[in-house]
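Trainee: Okay, handing you the structure first.
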Amino acid sequence: MSATVAATAATAPATAARGSLLRGVLATWRGRTAGAVLLVVVLACLVGAFVTPYDPLAQDLAAARQTPSGAHWLGTDLLGRDVLSRLLQGGASSLVAVLVAVLVRTVVALPLGLAAGHLGGRVDQVITRVVDLVMAVPTIVILLSVLTLFGNDLLIGMAVFGLLGSAGLVRIVRGAALAASQELHVTAGRLMGLSRRQVAVRHVLSRVRGVVIVQTTLFATIALGVQTGLSFLGLGAPPPEPTWGGMVGEAASVVQSYPWLMVPTGGVIAITVLALGVLGDVVRDTTADRSSASGGRSVRRRGRVPAADPGDPDVLLAVRGLEVAFATAAGEVTVVRDVDLDVRAGETVGLVGESGSGKSVVAKAVLGLLPRNGAVVAGSAWWRGTDLTGLRGRGWRGVRGSQIALVAQDPLRALDPTSRIGAQLGELVRVHDRVGRRAARVRVVELLEQVQVIDPAEVARRYPHEISGGMAQRVAIAMALAGRPRLLVADEPTTALDVTVQAEVLDLLRALQAETGMAILLVTHDWGVVADACERVVVLYAGEVVERADAADVFAGPGHPYTRALLDCSPDQPAPDGTLRTVPGTVPPPDAWPTGCHFAARCPRAQDDCTQEGIPMVELAGSRVARCIHPLVPAGQPVGLTLERSR
Amino acid sequence: MLRIVLRRLLWAVPLVLGVSLVVFLLASLVPGDPARTILGESATPDAVAALRTELGLDRPWYEQYLSWLGGLAHGDLGTSVFTGEPVTTALNSRLAVTLALVLTTVVVCSVVGVAVGVVGALRGGITARVLDVVSLAGIALPSFWVALVLVSVFAVKLRWFPATGYVSPDQSLGGWASSLVLPVVSLGLLGVAVIAKQTRDAALTVLESDHVAVLRANGLPETRLVLGHVLRNASIPVVSAIGVVFVGSLDATVFVENVFVLPGLGSRATQATVDHDVSVILGIGVYFTLVVVLVNLLVDVAYGLLDPKVRTA
Amino acid sequence: MPRPTLRPSRRRWVAVAALALVATLTACTSQSSGGGGAGGDASTLQLQFPGAPISLNPALGGNGGSSVFTMLAYDPLIYLSGDGDLVPDLATSWDYVGEGNTVFELQLRDDVTFSDGSPMDADAVVASMEYFLQAGGSLAGQVGDVQSVEATDESTVRVTYGRPNPDAASTMTQYFGLGVVIGPAGLADPDSLLNASQGTGQYTYDAGSSVTGDRYTYQRNDGYWNPDAQQYDTVVVRVIGDPNAVLSAAQTGQLDVAEGDTSTLSLAQDAGLGVVTAPFFNWSLVLADRAGTINPALADERVRRAMGYALDRDSIAGALGPDTFAPSTQVILPDLDGYVDDDAAGYDFDLDEAKQLMAEAGYADGFSMTLLTQPVLDPNTAISQAVASALGEIGITVDLQVESTGVPAFIQAGTSDRYEALMWPSAGADMAQVTNQILAPGTVFNPFDSTDPQVQDLLGQAFAATGQQRTDLYEQANERLEQLAWVVPVISTQNIYYVAEDITGVTASVQNPNPMPVAPEADLAWRPAS
């Protein structure tokens, strides 16, 4: 299981188009407020540099140390100068100084970080070394010397500060670029229509953008703070030219006798810093792979009415009318809707679709593992009389692990890297079996043997990074087996593995199923896996179930044109010229679903009526049920169960 | 692990060389002449020149730098031209004060920051918002500003803590603690904010990671999940944040020590800068650099302890 | 007075830069009676100074208030009290020998030993003085043209000057290293003085309990010659520069006597601290380019005088803080020898006069002038900015150049012949000291080495004269200086001291604005109030 599906779903609207970051930020009230405050401050200072109520340097000694009045909105300073005028003019130079620091830092760090992360090798080594070196430099000592040397020229001081600060940013950008590049190795093969290089640059940049903005706002606040502190020490810009830092320093020197001066001077800095900070947070929320951060947006269920429990005793899991939505900066986005599927005891059901189809979201929704910004907004998942979508916290006890368990996609990421395999497994055993450490250790070895690990005792002592991917997936399966579940949700259990290992893991799953009689919900995009393991198939496209059928019927001839297209691009079904066929076009993102059939734009059989209104599930020949009004096999009766819910 | 430690320690050599060279160059380019400073406005140019010769200030900068390096090899950082004191003697007692201040700050920040961050990660919603505001306040308020306010309230009005000065712990442990309270609070506000934020982000990342999802899906109860897996994994980025806070606090002592009149390296640094007391500035540069190297070393060791991948690599 | 800058250095500079801070009116040989003091109880006196001492070696130390670091452990030959009286200390009497103020003799006390037990006698004093003169300290240039120092007998020291020195007694006080007597052990190894004192003073320096640049601790010297005058067991001098920190510390009982500041004065009074003040700095607009090399306008005496009349000193002082700033219209402060007590003297605010002078000089439309200043002694350059603003009233556009890297850089720039005008304070207790500062060539007061025969002549006569005759000559010199308008006085500032309730005896005066905690007599010393 990877976060990619949810992430793609959640961030797709944000990254879909250029400039949408700004739109995403402005979509939140915090972003709007912070942006407005910053804009006002910046504009006021820009305009204020030319138009001030008073001459910022004009003294009126008779009016010194005045608190606010009609004539002087923010009072006057020690020499009777208008504080507001000075703040406005000082703002320009202070903001320019901050801008210098930020620019120097970004201009230096961005290319270096990208180069280090993306190119790797020697380049990476050299850059990382230099960064390590600069990170250990005592910034303040250098800064003090520089300021003394350049006659307290804050612009130069801030440029040096930016230079020294760039080391930190290089590290962050490098990390992000590295992660993005690695991710590409996994996903590049699945992306369609763009060259790898294009994808790489675009992907890395869009991924780094958020981090850079967040880091930059933070750095800007620190630069402003350092500027202020240096002025407090008398190392700031020389008077009489007003600067914010200098004015706070001046206010600090009379803090006890004329405390008012601290308020406007400190206030404007605090407001600017707060606005920058909030903006940084919002940007992070908007770009982050999760919404959790500080935004804390969430989605609520629409009404409390669950879908009816079909009440079929043979059916373990009955999903009915399931709809899942994610809260994003741009608003609530539905990523999966109107999903019906059944899993019967002992059978294996394949949940098939391209990435972005919503298949992993369904699997997660069933286990209550949606990220914080996602929720089931309608429908139910019935587990033997219990609606899983209604469970919270302790309600999951006795369900997770012991009734339904999970095997995730990337086995290496599915194990806690900081604890030994035996410890992780043993912990689950102790929870499920309520036994002591010693007994648990025995059971751990048993479980590892059950998943055909050769030297269980030795493997139990190892850390996840010390074993191979195939071994890790066996361990992950053992963890799922620890509670003796009746249903195993396997989310792309073989995708991240070598081809030879894939077969072994599938064999193992089949063997375990035969041994324990558990059911398996197998999430996959690989028809080979479906053919090997599944009795029944549910095909998802753009958040909707497009076809349900017995595996044999699907392979014999699917009802939905999308299923057909998907089957055709399977590596097992190469085109006559030997190349891999692809489905032309791309899956529409959740916020761009068309009216009517989601596949219409890519469908060779599409007609005008396909895009008129919602398409019902239609019963077709054999076991097939498809969401198509021009199916590949003869149509039967509409399926009443889902028809009335279609929009 | 040992290799990492050794490599880090070796780093100190080019670092000290680099930092001292930069500081030396900067300092020797600075206008203003220590000899003139010592002798005052009325001194004759001859007297100034004589003192310059005596102090070796008339030699080219690289000669001065090389002889300084020669001394460094023997642990001799030269003498302050102002106090005539050997730099090491002058700085050693001050190092203790600065370290006491910074270490206490870092410990307090870590404990409070991690606690606040974890609560924020688990709670979300309003708690998270409140935390954000507090964090931002910590970042927005300059440390010296906070210090001034703290002094006027807790020292002058309430008389709970001394307004200025440092009490050595072997003189009075209670007095020592009491003399550190206000400086630590003003220095630590930013640190708490940074660590809390980092902890929360790290904890959230871990909470949404695959292995936590798998453990949760396979039946591990929430408390065990948090205590046994989330905290441990989250602590890796938090440790590096603590390292950053340490270094940041070290820099901020320059501001805070001046307000509280603490005889540490920070207040000495500002004084030496104004005096153009090159050997003292260099000495402080060396001390700061070594402390930073040591902190990075500790962070690396902590990584090793927390992350088995690093340990076995 | 706001001051966010690095205070330690500021006051250190006060000490170093201001030349002759303290002096007496005349070289009188008043013999005060030794008073029976209250006797010290077992206690600690906590003092504050804004900067670290330049050196604990009295020959290399600073003057003014920074003398406290050496004064506690070393006795001067003559003690200058807070009221400005010269009081016998190691010398019981002194006077000039013959006419012309060039030979000066002191009689020494015969019952005094240094802290290491060796006797204080004429030979020891001569050795100490000779060491001081060649040690290279900043004060050596300020004690007159000393030709020779000799012991004429066991308890008599004779100092001979090359030129008349009207202030010989002043230069033998605690503020000038010449009269501060270092013991033979210290002279043998001057570096040892940094860790242990070698004097005859009431206290000895306790290096073990001191932290350089932070606190300096002194312990009672049980061998002191007048135990009655010793008031405390321990004296601690803490280095605190920031005025807010000083106030907090004084308010919370961490300090018994501390240097105050305009910015905290009213709060200190509200907090019940005693306040002692004395005028100190005479802030001046130095019109340095008197020949018009850089700025031709300044060559015209009328232009310079116009600036003198253009300054509304009352308003400036009022804005900066009427409690601590006072208008200053003459190069010397009121109540000092040479000050002209006459309405006709001094620059009064007269904008019409100023404008007329400008017009006469052909500058009715004004001109521009660069003014060099620094924020260390002039915090936030408030005084300089006020002056610049006022000069705008008579059409002079002032370009304020702030040398913010510190006083050394300021002095370097100010003496580089690149600036036609500067802001800088003088500080002196009589005309000899003041003119010594403002006329000395090559300094910030006179970077272009201007000379005026008339002033030189008047001062030369005055230095060799005594009594009313000298006063008359000083006043004439003062008036001549006003006419020249080389140095335009602006405002004077006060030294301020905060004194805890339970301390008494702290006094300061224009003659001695930097009083010392210890004195050879108990009733002149700072002491517990009870």
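The values are calculated or read from the model by the stated rules, or taken from the named source; none is laboratory data. Because the structure is predicted, anything quoted here is derived from the model rather than measured. Quick reminder, even Gly has a Cβ in these numbers, built from the backbone with ideal geometry, and neighbours come from all protein chains shown.
Trainee: Looking only at the stretch C:405-439, how many residues end up being assigned to a helix (DSSP H, G or I) and under 24 Å from B:Gln271 (Cβ atoms)?
Mentor: Within the stretch C:405-439, the first condition is being assigned to a helix (DSSP H, G or I), and the residues that meet it are C:407-414, C:431-439.
Add one more test, that the residue is under 24 Å from B:Gln271 (Cβ atoms), and what stays is C:407-414.
Final tally of qualifying residues: 8.
Trainee: Let me ask you something else. Can you run down the residue pairs with Cβ atoms below 6 Å, 6 or more apart or on separate chains, where the first is in the stretch A:252-279 and over 20 Å from A:Gly80 (Cβ atoms) and the partner is of a type in the set (Gly, Ala, Ser)?
Mentor: A:Ala270/B:Ala140; A:Val273/B:Ala140; A:Leu274/B:Ala140; A:Ala275/A:Ala34; A:Leu276/A:Ala220; A:Val278/A:Ala34; A:Leu279/A:Ala34
Trainee: Testing C:Ser248 on (1) in contact with a strand residue (DSSP E or B) (Cβ under 8 Å, 6 or more places away or on another chain); (2) over 28 Å from C:Asp335 (Cβ atoms); (3) surrounded by 22 or more Cβ atoms within 10 Å (Cβ to Cβ), one condition comes back false. Which one is that?
Mentor: Of (1) in contact with a strand residue (DSSP E or B) (Cβ under 8 Å, 6 or more places away or on another chain); (2) over 28 Å from C:Asp335 (Cβ atoms); (3) surrounded by 22 or more Cβ atoms within 10 Å (Cβ to Cβ), only one is false for C:Ser248: (1).
Trainee: Across the stretch A:398-440, what is the number of residues that are part of a helix (DSSP H, G or I), surrounded by fewer than 17 Cβ atoms within 10 Å (Cβ to Cβ) and not aliphatic (A, V, I, L, M)?
Mentor: Total meeting the criteria: 3.
Trainee: Taking into account only those residues within the stretch A:327-355 that are in a loop (DSSP other than H, G, I, E, B) and either crowded, with 24+ Cβ neighbours inside 10 Å or of a type in the set (Ser, Thr, Tyr) (or both), which is modelled with the highest pLDDT?
Mentor: Within the stretch A:327-355, the first condition is being in a loop (DSSP other than H, G, I, E, B), and the residues that meet it are A:329-330, A:345-347, A:353-355.
Still in the running and either crowded, with 24+ Cβ neighbours inside 10 Å or of a type in the set (Ser, Thr, Tyr) (or both): A:329, A:353, A:355.
Values: A:Ala329: 65, A:Gly353: 86, A:Ser355: 77.
Of everything passing the filter in the stretch A:327-355, A:Gly353 is modelled with the highest pLDDT.
Trainee: A further question on this structure: For residues in the stretch A:116-150 being among the small types (Gly, Ala, Ser) and in contact (Cβ under 8 Å) with a residue 24 or more places away in the chain, which is farthest from A:Trp244 (Cα to Cα)? Working first, answer last.
Mentor: First pass over the stretch A:116-150, keeping only residues among the small types (Gly, Ala, Ser): A:116-117, A:120-121, A:136, A:145.
Add one more test, that the residue is in contact (Cβ under 8 Å) with a residue 24 or more places away in the chain, and what stays is A:116-117, A:120.
On the way: A:Ala116: 37, A:Gly117: 38, A:Gly120: 42 Å.
Across the stretch A:116-150, the extreme among qualifying residues is A:Gly120.
Trainee: Can you pull out every residue in the stretch C:215-237 that is of a type in the set (D, E, K, R) and either buried (at least 23 other Cβ atoms within 10 Å of the Cβ) or not in a loop (DSSP other than H, G, I, E, B) (or both)?
Mentor: The answer is C:Arg215, C:Arg220, C:Asp228.
Trainee: Tell me, yes or no, whether the stretch B:146-155 has at least one residue that is facing chain A (nearest Cβ under 8 Å), touching a Lys or Arg at 6+ places or on another chain (Cβ under 9 Å), over 17 Å from B:Ala115 (Cα atoms) and at pLDDT below 85.
Mentor: Scanning the stretch B:146-155 turns up no residue that is facing chain A (nearest Cβ under 8 Å), touching a Lys or Arg at 6+ places or on another chain (Cβ under 9 Å), over 17 Å from B:Ala115 (Cα atoms) and at pLDDT below 85.
Trainee: For the stretch C:184-201, which residues satisfy the criterion of being over 26 Å from the mean Cα position of the chain (by Cα) and part of a helix (DSSP H, G or I)?
Mentor: C:Pro184, C:Ala185, C:Gly186, C:Leu187, C:Ala188, C:Asp191, C:Ser192
Trainee: How about the stretch B:275-299: which of its residues are farther than 18 Å from B:Phe24 by Cβ and hydrophobic (A, V, I, L, M, F, W, C)?
Mentor: B:Val291, B:Val292, B:Val293, B:Leu294, B:Val295, B:Leu297, B:Leu298, B:Val299
For (1) at pLDDT below 85; (2) in contact with an Asp or Glu (Cβ under 6 Å, 6 or more places away or on another chain); (3) among the charged types (D, E, K, R); (4) within 30 Å of B:Arg3 (Cα to Cα), each residue gets a yes or a no:
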{"residue": "B:Val212", "(1), (2), (3), (4)": "no, no, no, no"}
{"residue": "B:Leu215", "(1), (2), (3), (4)": "no, no, no, no"}
{"residue": "B:Ala269", "(1), (2), (3), (4)": "no, no, no, no"}
{"residue": "B:Asp277", "(1), (2), (3), (4)": "yes, no, yes, no"}
{"residue": "B:Val293", "(1), (2), (3), (4)": "yes, no, no, yes"}
{"residue": "B:Val310", "(1), (2), (3), (4)": "yes, no, no, yes"}
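Trainee: A follow-up question, please. Could you list all residues from the stretch C:257-272 that are closer than 20 Å to B:Phe161 by Cβ and either more than 7 Å from every other protein chain (Cβ to nearest Cβ) or among the aliphatic types (A, V, I, L, M) (or both)?
Mentor: Once the filter is applied, which keeps residues that are closer than 20 Å to B:Phe161 by Cβ and either more than 7 Å from every other protein chain (Cβ to nearest Cβ) or among the aliphatic types (A, V, I, L, M) (or both), the stretch C:257-272 yields C:Ala258, C:Leu267, C:Ala271.
Trainee: Hey, another quick one. For residues in the stretch B:259-272 being among the small types (Gly, Ala, Ser) and assigned to a helix (DSSP H, G or I), which is surrounded by the most Cβ atoms within 10 Å (Cβ to Cβ)?
Mentor: B:Ala269
Trainee: Please name all residue pairs, on different chains or six or more residues apart, with Cβ atoms under 7 Å, provided the first residue is in the stretch B:38-66 and is closer than 22 Å to B:Gly18 by Cα and within 12 Å of another protein chain (Cβ to nearest Cβ) and the second residue is in a helix (DSSP H, G or I) and modelled with pLDDT of 80 or more.
Mentor: Pairs found: none.
Trainee: Among the residues of the stretch B:82-96, is there at least one that is crowded, with 18+ Cβ neighbours inside 10 Å, within 8 Å of another protein chain (Cβ to nearest Cβ) and at positive phi?
Mentor: yes
Trainee: Among the residues of the stretch A:356-397, write down those that are of a type outside the set (D, E, K, R) and in a loop (DSSP other than H, G, I, E, B).
Mentor: A:Gly356, A:Ser357, A:Gly358, A:Gly368, A:Leu369, A:Leu370, A:Pro371, A:Asn373, A:Gly385, A:Leu391
Trainee: If you take the residues in the stretch A:118-147 that are within 19 Å of A:Val100 (Cβ to Cβ) and of a type outside the set (A, V, I, L, M, F, W, C), which one is farthest from the other protein chains (Cβ to nearest Cβ)?
Mentor: Taking the candidates together, the pick is A:Thr139.
Trainee: If A:Asp82 satisfies every condition in (1) free of Cβ contacts under 8 Å to residues at least 24 places away in the same chain; (2) in contact with a strand residue (DSSP E or B) (Cβ under 7 Å, 6 or more places away or on another chain) but one, which is the exception?
Mentor: Just one mismatch for A:Asp82, condition (1).
Trainee: Let me ask something additional. Tell me the residue from B:Asp275, B:Asp251 that is at the interface with another protein chain (Cβ under 8 Å from one of its Cβ atoms), more than 30 Å from A:Arg392 (Cα to Cα) and surrounded by fewer than 24 Cβ atoms within 10 Å (Cβ to Cβ), please.
Mentor: None of the other options fit; the residue is B:Asp251.
Trainee: For the stretch C:412-424, check the following and say yes or no: at least one residue is within 12 Å of chain B (Cβ to nearest Cβ), of a type outside the set (A, V, I, L, M) and touching a residue at least 40 places away in the same chain (Cβ under 8 Å).
Mentor: Checked the stretch C:412-424: at least one residue is within 12 Å of chain B (Cβ to nearest Cβ), of a type outside the set (A, V, I, L, M) and touching a residue at least 40 places away in the same chain (Cβ under 8 Å).
Trainee: Is there any pair with a first residue in the stretch B:219-232 that is at the interface with chain A (Cβ under 10 Å from one of its Cβ atoms) and a second that is surrounded by fewer than 18 Cβ atoms within 10 Å (Cβ to Cβ) and of a type in the set (Lys, Arg) whose Cβ atoms are under 9 Å apart and which are 6 or more apart or on different chains, and what are they?
Mentor: B:Gly219/A:Arg397; B:Pro221/A:Arg394; B:Pro221/A:Arg397; B:Glu222/A:Arg394
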